[in-house]
Each structure stands twice: as structure tokens, then as C-alpha cells.
Amino acid sequence: MSRTTTAVDASLPATWEELVTTALLGTDRRTPAGSAPGPDAPSALLDAAAVETVRRRAGLRPARSAERPRPAPDDSRPPLPPAAARRLAMLLADRPGASGGGRRGTAPDLMELLPQWLAAANARGFAAPPAELPALLDAARGRTDLRPAALRFAGPRALWLARLNPDWRFALRSTPGGGASVPGPHDTEGIRRLWQEGLFAERVALLTAVRSRDPAAGRDLLAATWATERAEDRLMFLDSLRAGLRPDDEPFLEGALADRSRNVRATAAELLSALPGSALAGRMAVRAGACVAVDRTRDVPEIVVEAPHECDAGMERDGVLAKAPAGRGERSWWLGQLVEAAPLGSWSRRLGGRTPQQIVALPVADDWQGELHAAWCRAAVRQRDAAWSRALLGEPSAPEAGGPGAVSLAERAKLLGTLDAAERAEWVAGFIETHGLSEAFQLLGVCATPWAAPLGRAVVDALNIARDAGSYPWSFSGVMGLAERCLDPSEAGRLDALLAIPDEPENASPGAGGYWSEAFQRLVTTLRLRAAMLRELAPATS
Amino acid sequence: MTQQGVCWTADQVLALAPDSASRTAGRRLGTAGPWSETGSSVEGTVWGLCKGSGTTAYRTVVDLADASAPAFRCSCPSRKAPCKHALGLLLLWSAGDRAVPRGEAPEWAEQWSAERRTRTERRRGPDDAGARRGAADPEAARRRAERRAERVTAGAAELEQRLTDLLRGGLASAERSGHGLWEETAARMVDAQAPGLASRVRELGALPGTGPGWPVRLLEECALLHLLGRGWLRRELLPEGLAATVRSRVGLPAPADGPPVRDRWLVLAQYDTTDGRLTTRRVWLYGTDSGRTALLLSYGAAGRAPELALPVGLALDAELSGYPGAGQPRVALGERFAAPAPTPVRPAGTTTARALAGYGEALRDDPWLDSVPVTLGRVIPAPDGDGWQLADADQDTALPLTPAARSRPGLWRLVALSGGAPVRVFGECGHQGFTPLAAWPEGPGEAVPLC
């Protein structure tokens, strides 16, 4: 290596370039600088290159710094308790696709617990641990249903991060204004400017925000520019009045009844009919009342229906659509709309002072019952009338509740939505006790979580009955999945008896007992996990 | 959650997994469902019965008495160590949701861990005896070493011949001759019992395919390989430290004979690399009293995790002794005095300029060094064109991230942790740039692993 000293002395800034060129061509074609041609030339070149390499590396200097990103906005929420932070990391690590696929066995689906975890963490106002934000954004990217809760939990730093990575651009789209905040309540100038100059999504967000603080101010904002808005925008803005609709919205809505756009007119009419004290509701009550009466000339009182013979200009102005869809009779189409829009409270007066129960129980002449009851159902849902909903739902144990009747399961599910959570749960529990689980899925979906005790018990009992009947658990996988998410974790102990593999009855499907035991194990495991999850998120008590 | 004062996280448990399939399977078993009769003892044994597809449940035991070398036993047929049941059991235990209560080990578990501990004690004995026996016949050992050195010398000479042939014909031809030539040369180096030369040669073969600038990289690596070969041939003339570095770079094993240094060693990072045949696990440690940074290496055959697993973020009261060679960070783990425990201490940070200067100085002792371990004190990750850099918060200088670091998910954890504010980052700093391995927020907070 004595030769290297001379190479160092001879070195110039261009030395390295020269060495690379010589190396590429080969020493047979080009003699390295400072050495003789011949058998030693390659070795001399390697010596010189070794010196230069170490020299270059040893002499490395840092680069100039690039433009630094602006700091992320502060997140003032408190950090997660350590155990909850570990749990989050675990839930996020269990991505779909990471699994081997196939039968789920007894292990819970952790990803399914993430929505609940996020809801609980959001309810308690915790901030997301910064290091978990990439995994959180990846999870939200794959599942749109998760996005609102995930992005809310992820907070301002996630939006900051999303601006740096195109994979997470959805986060900017999903948050109105890309995180640009709605002006504060006292910033009237800012509100006015955003309303006049903002993009449509920003304006919708602004209207929603202002209306949630001050309904009248929101309506005034809308009224100021109403005449100049495009028809499809008018429709969207009008729709945003649906949340928190109040009697003093009536004049504005009455004005919209004369709108150029038919869809705007129809929406205005629909909103007015949800205000039972409105003038429109009153007009509809008169029209509907003229079509429905009690015939007292018979031994048993009976409802008789005389559907409208025409759809006049007044009806059209009040939002009744004149043209019936294909396959429907015009007169029954008009009747349905009148009854749907009439205040439910008017029927008691009209039909001999009867209660909703008594009215629903009356026989209806000439096959009008289906049409009439369906319209009342829509009215009960629109006007959120619990008494009428109760009457139309009937007894959960009634035979027609489970099968095809005047009121379909989908309508029952909607009617249940107007009842308070406890009553809803009790009704569905009663339904399951009589009709079993196969029809109950839709109804369970509208029940509040965690399920109230009687409902949870009814579901578990029904699953147990299904098991004893020898069917396979995956026939009930929908309900099982719901149970994993919705059953109260404190019910886990009651399931212990179901974990054993039962003796198979003669007519049972082969192996079903083992699968049931597995399914119940998974249910119990998931419930325990949920209980632990919520415990970890609880504020420290000590 | 706390057993023997140790608090394992799910990440630490999953770091034990031999491959990603086991990691996934373990995670699925890490819930109470399939488990029964679980428990953990004060001595650090965790046990449980896991219901599988068969009729009898598997008996799974883990011995964590020595947290740096956990041992596993499971009656399942899997040959992986640890198997998914052991991982699941540990996850269950680490989650701490009362699914693994403290208790008295059942006989089947207790028997195994007791036997194991006696066996370990006994093995420590004969090993020492073996070392003494070796020392008792220095003449035979010297002859063996001489024979091997001759082989390596022959290999180095052959390699030198191949390198000069290459340079005579020109590197441009190397792109055409392809991988085969280098694979064959690497095989010759394996025969010559010079595994260090073999692996460098193999890496050389991949360089012509690495895109623009490959001739520069190929020349650099050829030159350094040449330097190593020449260093070996003239090792008698080198100072002792450099000669030892050359021996270890060539691949001649030397026992770690440095004086044992006792400290509380904070585990900074643990990551695996694999070449298909062998998994190499690197564990970086930081002496909270001495301020020294040290590297533990451990190896596993394909499909098996290396045995050593240390929980990142905890500190280990232990003795380490260095391997010979000037400026070597590599150490061997000696006696451990207590299980790993949390520590508020973080490694002291430096600037990007001083980090590079440190790399330059380290090249004096070991010109073959690709990188040195460095903790940067206050840096901000910033996007820089297609890449990223770590910019000093208080100066106008920055280090680019290595191409490999740019495509890893750890980058985004680092960016998220920083949020545009300064962070402290531990990593490897060298001529290719900086590879972040762990980071701390500026305020209080635990180490965030980035690898």
C-alpha cells in the first residue's frame, strides 16, 4: 500500500472522475494517471480508488436543509392511557388481508372492534398517539365506514400528515374544507365571505355549522342568496333544514312551495308536512279527511275510503305528485300522498274520537287497508309520532308481525326508530321470542347498543334454540356478528354454559355442535375483549 | 401487566415471531377464547391450555425468567420457535386483561421450567470446561488456525486476481457478464472459509443492476474489497487494532475478549435482515451510564427467529464485552443481573454535521464501515424532492435518508411523531445517508420504534 501515498499527493478534485472513467474502459485501453502501463496497472487503479473512496466518505458533509414543513396544529385533547394506546396498536395491526382467510375459528375479528373503540375514545375526547396516525389513516383508507370516526380521532395532525402523502389524500376530501375551520359565531364578516365565495362543500358545511348554533341565523343566511342559487344547490341547502326543523322555518318553506324546481317544491312540502302545526299540514288534513270516514251504519264500525278523483292545482302546489309511477293507480297514489302528509293528530277527531290503537284496529272496506296503513306508517316516521308507531307496530307476538302483513319488516324497522331505546329493545325482544331470528336482523339493526338486557337475553336464547335444532351457526352469522358488536359485555358470564360441545341430536347437521361451541367461544371472547377495551378507555379513578 | 417489574407490550411479544405468518396466527390466538387454565408465576413462567382443532388442548409454557432469552415449549406439532400458541399466550399475558392470573404453575409446566433451568446451569459449566480444554492444547489450536489462514490467503489471492482481471477489461463489461461470475466467485470464497469476503462479493454482483451511478458504486466496492484482500495479505504489518478489524471483516471468528462492562443498557432498536439462508438480528444498545453504543448480533436459520430478543425501550442491567477490532461496536452479552426495566434515560443527541464527522473518524479504524450508530438531537423530518431528509432544527444542515429508509412504514411514524417539530432520532449514519431506527418526541414520551 506504499503506492497509495503518492496517489494521495497527486489527487485533484477531478481524480475520482478520472478513476471512474478509466475503470469503465479498463486499464488495457487506458492507463491510470500516475502509474505505468502493464500488469500492475489494475492494482494501482484499485489502490487509488480505495483511497479516494475512503477519502470521499470520510469527507462527507451534511446537505443544505430543504424547506421544512410547517408545524402541525396543536391537539389539545389529553393523551390516551397507556393500556388503551397498546390496545389501539393491536386493533390496527389486525388488518384484513393479514389473516389466513377461511373459517374464523374462535378468534375475534379485531378490526370489527375498531369502530367501537374509536367511538368510545371520541366520546371521551382523547387525542390519538402521533406514532399510530399512519396506521389509523391506512385503516380509514381501506374502510369508508370507518372514516368519520377515525378522522375525528386522528385530529388535526392527521390532516397535516395527509398533505404530505398522496395515499391519504382522501382525508382532505372527507373533511370539509380540508380542515379549514368554519368561522366562529362572532365572525359575521368571515361567515358572509365564506357563504358568498366558498366552494359548494364549504358552504354546506358552513350552513350546517351556523344552523346548529343558531337556526334562525342559518335560515337568514340561506334566504339572503336563495333567489340566485342554482336549482340543485337550492335542493341541497333546503335538505339541510331537515335537521332541527322548527315551526319558525314555516314561512321560508311556504315560499319555497312556489319554487321553479319541482324537486325543491316537493322537498319543501315534505318538510312542511313534518311540522304538524303548519298551514300546509292543515290543508292536507282537510283533503285527507275528505277521503276517509267511519261507516257507522254497519254492526261493526268500518273505515270506508273514497280516494280523490283528481289532483287539482292546490294539491300540486302543496307537493302532491300528479303522475303515478308505472303500475300504480292514480287515485290510490294521490290518496297515499295526502294521508302521508296529513297530521296524525287530525285522525282522532275525524274518526270518532278513537285512539291510534282503535283506529288501526278498525276494519277497512274494499281492500284499502294496505294503502291506508302504509301511508300512516310513512306519516308516523316523518312526524316521529310514537303513539301511532306503537299502534301500527302492533303486538310483537302477533302472527302478522313476522310474516307478510299490512306493514312490512322494513316499515316496522323505521317505526321502531321513533320509539325510545328501551321500548324498541323490548318490542324486538318480544318479536324474537315469537318469530325467531331469521327475520330479526333488520330490526336488530335499529336497536341502540349495547343491547338492553331483555333484548340480549332474547337473542342468546334464540341462538341456543337454533343450536338445539341442529342447524349450522353460519345460518345465523349475521346475527352472531351483530351480537359480537352489540351484546352488553356484562352478559358474557351468562354464555359460559353454551361453550361446551353439546350431544348431537339425531337430525342435527353433522359437526354442527362443534361449530356452535366455536361460535359461542368467539362471542364470549369478543365480549370480554370489548369489556377490557372500554375499561382501558375509562378515565383513571384512582 | 407487570410481572417481575417487566411490562411487555404486544410489539415486544410479536418481535419474537419467526415470520409474519406466525405473527398473524399468534395475534389471532392472543385472546381469551381458545385458552383455559392460564396463569403466570412469580418466577416468570407463563402457561396455558390452548384448544386447537383436535380433541386434546395443547400445553403451552413460556419461561421468561431471563427476559432476554425467553424459552418456549408447546405440545403442538409446529416446529417453529416460538410457535403461534406461545405467541398467543404471551399476547394474552401482555394485554393484562386478567386473562392470565398470577398463580402456582401446574406440575407439567413447573417440571419443564425447572428442568430447563438446571440444564442451562449445567451447560454453563461444561462450556467453561471446554474453553479450558482448548487452552490446554494450544499447539493443536495454533495448527488449525494456521491451516485456515492459508486457505483464506489462497482465497484472497484468487479474489485479487479476479478484481484485477475485471479492471483490466473494464467495468462496462461487468454489466454484461451478470450475476453468474460473482456467484461463482462467492462460492470460491466460501470454500476458502472466508465468509466475510463471500458476502461482500455477492453484494458486488447485485450492483450493476442498481440504476444510474452503478459504475461509481461498483468501483467503490471493488476498491474496498481489494483493500480488504491486501490488508489480509499484509496483516502482519498492520497495527493490532486494524489487523483485528481485517480478520473480522474477512470472516474469521474471534471470541469477544474485551473486558466486561457493566451498565444499564437501553435497548434502542432491534431489526432483522435476511439473505434467504440466514436471518441476522441486530440489537442496538446504549449504556445509560457510560454513554457507549453497542451492537449485539444474533443469527437464525431460515424460518427460525434468532434466539436473542430484547424489548425495545427497556434497559437491561448486564455485562457486555467487546469483540476485537478497532472501533468495533459489536459486543457479546455476558451476565445479566436483572430483568429489563423502564428507564427515563435517552441517548445524548448530536447534530448532523457532527454525526458525519463521527462517521469519517470511524473510517480511520475501519475503512469498510458502511455506517455508524448516531443519535441526532433536534432534527425535523422534511420532504426533499423524491426523498426525505432530517434537518437540524437549529442549523441550516441536513442528512438525507437512505433509499431503503424512504420506502419503509417507519418513515411515516417518524414524520407523524415529529409533526414538523424537532425530535430525537437514533439510527445508522453513513455514506448512503441516515437510516432512522427509533425516535423520541421532544417532550416526555417513550421511544417509538421505526424498524
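Assorted remarks:
- Number of residues in the range B:343-371 that are open to solvent by 20 Å² or more (accessible area, probe 1.4 Å), more than 11 Å from chain A (Cβ to nearest Cβ) and either under 18 Å from B:LEU266 (Cβ atoms) or among the hydrophobic types (A, V, I, L, M, F, W, C) (or both): the value is 7.
- The condition (being closer than 18 Å to B:LEU233 by Cβ, surrounded by 10 or more Cβ atoms within 10 Å (Cβ to Cβ) and at pLDDT 70 or above) is satisfied by just one residue among B:LEU167, B:LEU181, B:LEU171: B:LEU167.
- Residues satisfying the criterion are absent from the range B:304-318 (criterion: in contact with a helix residue (DSSP H, G or I) (Cβ under 6 Å, 6 or more places away or on another chain) and under 29 Å from A:PRO69 (Cα atoms)).
- Where a residue in the range B:144-164 is in the same structural domain as B:LEU228 (by TED's automatic domain parsing) and its partner, wherever it lies, is open to solvent by 50 Å² or more (accessible area, probe 1.4 Å) and part of a helix (DSSP H, G or I), with Cβ under 7 Å and at least six apart: B:THR153/B:LEU233; B:GLY155/B:ARG188; B:ALA156/B:LEU233; B:GLU158/B:ARG188
- For the range A:32-47, a tally of residues being in contact with a Ser or Thr (Cβ under 9 Å, 6 or more places away or on another chain) and either facing chain B (nearest Cβ under 7 Å) or open to solvent by less than 80 Å² (accessible area, probe 1.4 Å) (or both) returns 10.
- With respect to the stated conditions, A:ALA256 is open to solvent by less than 40 Å² (accessible area, probe 1.4 Å), farther than 30 Å from A:LEU351 by Cα and at pLDDT 85 or above.
- Scope the range A:238-253; condition open to solvent by 20 Å² or more (accessible area, probe 1.4 Å) and in contact (Cβ under 8 Å) with a residue 12 or more places away in the chain; matching residues: A:ASP239, A:SER240, A:ARG242, A:ALA243, A:GLY244, A:LEU245, A:ARG246, A:PRO247, A:ASP248, A:GLU250, A:PHE252
- The number of residues in the range A:48-82 that are more than 7 Å from chain B (Cβ to nearest Cβ), part of a loop (DSSP other than H, G, I, E, B) and more than 30 Å from A:LEU164 (Cβ to Cβ) comes to 0.
- A:PRO134 vs. criteria in a helix (DSSP H, G or I), crowded, with 21+ Cβ neighbours inside 10 Å, within 11 Å of chain B (Cβ to nearest Cβ) and of a type outside the set (A, V, I, L, M): yes
- Residue check, B:GLY427 touching a helix residue (DSSP H, G or I) at 6+ places or on another chain (Cβ under 9 Å) and either within 7 Å of chain A (Cβ to nearest Cβ) or closer than 24 Å to B:VAL312 by Cβ (or both): yes
- When residues of the range A:280-320 are limited to those that are under 14 Å from A:GLU254 (Cα atoms) and open to solvent by 50 Å² or more (accessible area, probe 1.4 Å), the one modelled with the highest pLDDT: A:ARG283
- Within the range A:458-469, tally of residues that are open to solvent by less than 30 Å² (accessible area, probe 1.4 Å) and either touching a His at 6+ places or on another chain (Cβ under 9 Å) or more than 18 Å from A:LEU499 (Cβ to Cβ) (or both): 1
- In the range A:137-162, of all residues being of a type in the set (D, E, K, R) and at pLDDT 90 or above, the one that is most open to solvent (accessible area, probe 1.4 Å) corresponds to A:ARG152.
- Residues located in the range B:372-393, provided they are over 13 Å from A:ARG64 (Cβ atoms), at the interface with another protein chain (Cβ under 8 Å from one of its Cβ atoms) and without any contact (Cβ under 8 Å) to a residue 40 or more places away in the chain: B:PRO383
- Residue in the range B:329-336 that is more than 22 Å from the chain's Cα centre (by Cα) and surrounded by fewer than 19 Cβ atoms within 10 Å (Cβ to Cβ) present: no
- Test result for A:ARG378, basic (Lys, Arg) and within 24 Å of A:ARG298 (Cα to Cα): no
- Top-ranked residue in the range B:296-328 [being of a type in the set (Asp, Glu) and assigned to a strand (DSSP E or B); ranked as most open to solvent (accessible area, probe 1.4 Å)]: B:GLU319
- The range A:20-31, subset open to solvent by less than 40 Å² (accessible area, probe 1.4 Å) and facing chain B (nearest Cβ under 7 Å), residue farthest from B:LEU167 (Cα to Cα): A:VAL20
- Of the helices (runs of 4 or more DSSP H) that lie entirely inside the range A:237-313, those containing 1 or more residues that are aromatic (Phe, Trp, Tyr) span A:250-256.
- Hey, A:ARG169 open to solvent by 40 Å² or more (accessible area, probe 1.4 Å), modelled with pLDDT of 80 or more and under 25 Å from A:ASN122 (Cβ atoms) or not: yes
- Residues of the range B:85-140 satisfying the condition of being modelled with pLDDT under 80, among the acidic types (Asp, Glu) and part of a helix (DSSP H, G or I): B:GLU115, B:GLU121, B:ASP127, B:ASP128
- Here B:ASP396 passes the criteria (1) facing another protein chain (nearest Cβ under 8 Å); (2) buried (at least 20 other Cβ atoms within 10 Å of the Cβ) except the one numbered (2).
- For A:VAL339, the conditions (1) more than 28 Å from the chain's Cα centre (by Cα); (2) open to solvent by 50 Å² or more (accessible area, probe 1.4 Å); (3) of a type in the set (A, V, I, L, M, F, W, C); (4) closer than 30 Å to A:ARG242 by Cα are fulfilled apart from (2).
The values are calculated or read from the model by the stated rules, or taken from the named source; none is laboratory data. All values reported here derive from a predicted model rather than from experimental measurement. All Cβ positions, glycine included, derive from the backbone under ideal geometry; neighbour counts span all protein chains shown. Heavy atoms of the whole protein, side chains included, go into the accessibility calculation; ligands, DNA and RNA do not. Shrake-Rupley method; radii C 1.70, N 1.55, O 1.52, S 1.80 Å.
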